[in-house]
Amino acid sequence: MDLVRSFLEQQPILTLFLVIGLGYALGELNLRGFSLGAGAVLFVGLAIGAFAPGAVPPALLQSVGLVLFFYGIGIQYGRQFFVGLTSPAGLRQNGLAMLGLLVGTLVAIGLLPLGIGINYASGLFAGALVSTGALQAALEATGSSQPLIGYSVSYPFGVFGTILAMSLALRLVKPQLNAPVAAGYTTLELRVSRADVIGKRIGELAQALPPGVQIAAIRHGEVNTIPQPTTQLAEGDNVLIMGPPGVVEQARQIFGPVVAPTMLDNPQGLEYFRVFVSRPTVAGRRLGDLQIAETLSAAVVNVRRGDAELHATPDLVLESGDRIGLVTQRSNFAKLRSFFGNSIKGTAEISYVSLGLGMVLGVLLGLITVPVPWLGSISLGLAGGPLLMSLLLGRLGRTGPITWSIPLTANLVLRTFGLTLFLASVGMRSGETFVTTVQSEGLQLLAAGAAITLAVVISTLLIGHLLMRMPFDELLGVTAGISGNPAILAFAARSVPTDKPDLSYAITFPTTTIAKILIVQLLVAIFGST
């Protein structure tokens, strides 16, 4: 064993990747739907850090990993975050999330008279709510490794306890939720026969169509054309409608009877065509600003981003890696490929100019300290600064020639690797202290962390369901947003037949993350590092 320890301590980079590999192997173990995921890297890091304390990697890796993680999170959720700050539904969801955090904060304060110091309590708060940002803030504010110990002890129940509470709530409430329209697109060709649409312009009619339904083409006589906003429908015209299954059927009531076969079945007519967005001059721009129908004689009918089908609205901002479905003449295919780029590499490419500038701005923002009367000062730090800045940049999407967005695939890789580096580094750094403390105070800390988790989750579910009458699928998303762990969101998404948990999570997760970072700093400032 001494030989193995000596080898690991002489090869810290090798040991770091050993921690990462073993951590993910452990994290993939699934027990009735519960798994630690990336969080298992922390526990393997603690174990190897205790065994070979001299193998600790450079501290810079911990900071770099954290910045990568939060920058990627903010870029992805920037638009949803700001929608949540302005829309009634988003304000309601964020308000409930803040109430839940207030309950958790009060429970953490209540631990202090029980002999649990603020250093441990701040870490317990971060772990019970599965927040690496709050953990980093606690480590910086206290200058001690004790917050990590509290975090590590409370983290497993922070994940498992939240899933357990949500599962019990689902069994008790048994919410009746309608399944969403099936994914994918259906095509119908309809004869214009209703008097109230004859003579109307396409731009006017588009406002009356069900969400996600597009007028892709028009047949006037024997000529198939791409519709313009000013195009007027005449009696006997055919319109090609594309949209989600079920919803597209509602268009019959607007235009008239179905015509078969469709104009897409004519090999000399219009065809459906898909192309990747990879040109920097296109990514970050709104569909409406590109004037595709007017300049390229094509109609955009859907956009696929990752696994999600998006409605092709004029306000939709394109991102590198998006796959666009169009209806056009075959002779236009080459021109469309050139316009959009059509490189599959766009799904994984990152602009390191925008990434570097964005991170510099984020780190600078985190360095700004705000004085708090009688308490000292607080700052967003290495977690909150990059997160808030990337939320702003993600909302902008584009500034002049600079595209801030990151393709979803590349974003997932970037932030997962960042989180992995952070958890492995911080775990290895605190292994020895962790083992000693858990042996003496483990049960007390475990019970304290569980109390914070259950208080937050149960209060959120009760207030949201009984007082605010929030739809239960939204409520699960808010609960997952407070807790933060992707495994919790995955459980919520599997439990209901709608996509509302994902939307509520996107709205509340950034808000609660920033709030948790500030809360732990305020707790340490008020009660002093002990």
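The values are calculated or read from the model by the stated rules, or taken from the named source; none is laboratory data. As the structure is a computational prediction, the values presented were derived from the model and not from experiment. Glycine also receives a Cβ, built like all others from the backbone with ideal geometry; neighbour counts cover every protein chain displayed.
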(message) Please determine whether any residue of the range 264-285 is under 23 Å from E204 (Cα atoms), in a helix (DSSP H, G or I) and among the aliphatic types (A, V, I, L, M).
(response) no
(request) Kindly state which helices (runs of 4 or more DSSP H) lie completely within the range 312-407 and contain at least 3 residues that are under 22 Å from Q80 (Cα atoms) and out of contact with any strand residue (DSSP E or B) (no Cβ under 6 Å at 6 or more places or on another chain). (result) 352-367, 381-396
(message) If I filter the range 298-305 for residues that are of a type in the set (K, R), in contact with a helix residue (DSSP H, G or I) (Cβ under 7 Å, 6 or more places away or on another chain), assigned to a helix (DSSP H, G or I) and under 30 Å from V239 (Cβ atoms), do I get at least one hit?
(response) no
(request) Looking only at the range 107-126, decide whether some residue is part of a helix (DSSP H, G or I), within 22 Å of G362 (Cα to Cα) and touching a Ser or Thr at 6+ places or on another chain (Cβ under 8 Å). (result) yes
(request) Would you check if there is a residue in the range 450-457 being farther than 30 Å from A50 by Cβ and within 15 Å of the chain's Cα centre (by Cα)? (result) no
(request) Quick one: K174 ticks every box in (1) over 21 Å from F434 (Cα atoms); (2) modelled with pLDDT of 90 or more; (3) surrounded by fewer than 18 Cβ atoms within 10 Å (Cβ to Cβ); (4) not hydroxyl-bearing (S, T, Y) except a single one, so which number is it? (result) (2)
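Of all residues in the range 488-514 being small (G, A, S) and buried (at least 23 other Cβ atoms within 10 Å of the Cβ), which is nearest to the chain's Cα centre (by Cα)?
Checked the range 488-514; the qualifying residue nearest to the chain's Cα centre (by Cα) is S504.
Look at the range 332-348 and say how many of its residues are surrounded by fewer than 18 Cβ atoms within 10 Å (Cβ to Cβ) and in contact with a helix residue (DSSP H, G or I) (Cβ under 9 Å, 6 or more places away or on another chain). Let's see the steps before the verdict.
Residues of the range 332-348 surrounded by fewer than 18 Cβ atoms within 10 Å (Cβ to Cβ): 333-335, 337-338, 343-345, 348.
Checking which are in contact with a helix residue (DSSP H, G or I) (Cβ under 9 Å, 6 or more places away or on another chain) leaves us with 335, 348.
Residues meeting the conditions: 2.
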(message) Looking at the range 209-253 only, could you name the residues that are under 26 Å from T295 (Cβ atoms) and of a type in the set (G, A, S)?
(response) G212, A216, A217, G221, A234, G243
(request) With the checklist (1) in contact with a Leu (Cβ under 6 Å, 6 or more places away or on another chain); (2) part of a loop (DSSP other than H, G, I, E, B); (3) not basic (K, R) in hand, flag the one item I241 doesn't pass. (result) (2)
(request) Could you tell me whether the range 197-219 includes any residue that is at positive phi, under 31 Å from the mean Cα position of the chain (by Cα) and crowded, with 18+ Cβ neighbours inside 10 Å? (result) yes
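For (1) in a strand (DSSP E or B); (2) among the hydrophobic types (A, V, I, L, M, F, W, C), each residue gets a yes or a no:
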position: F157; (1), (2): no, yes
position: T162; (1), (2): no, no
position: A169; (1), (2): no, yes
position: P175; (1), (2): no, no
position: T187; (1), (2): yes, no
position: G199; (1), (2): no, no
position: G203; (1), (2): no, no
position: A217; (1), (2): yes, yes
(request) Of all residues in the range 298-331, count the ones that are of a type in the set (S, T, Y) and without any contact (Cβ under 8 Å) to a residue 40 or more places away in the chain. (result) 2
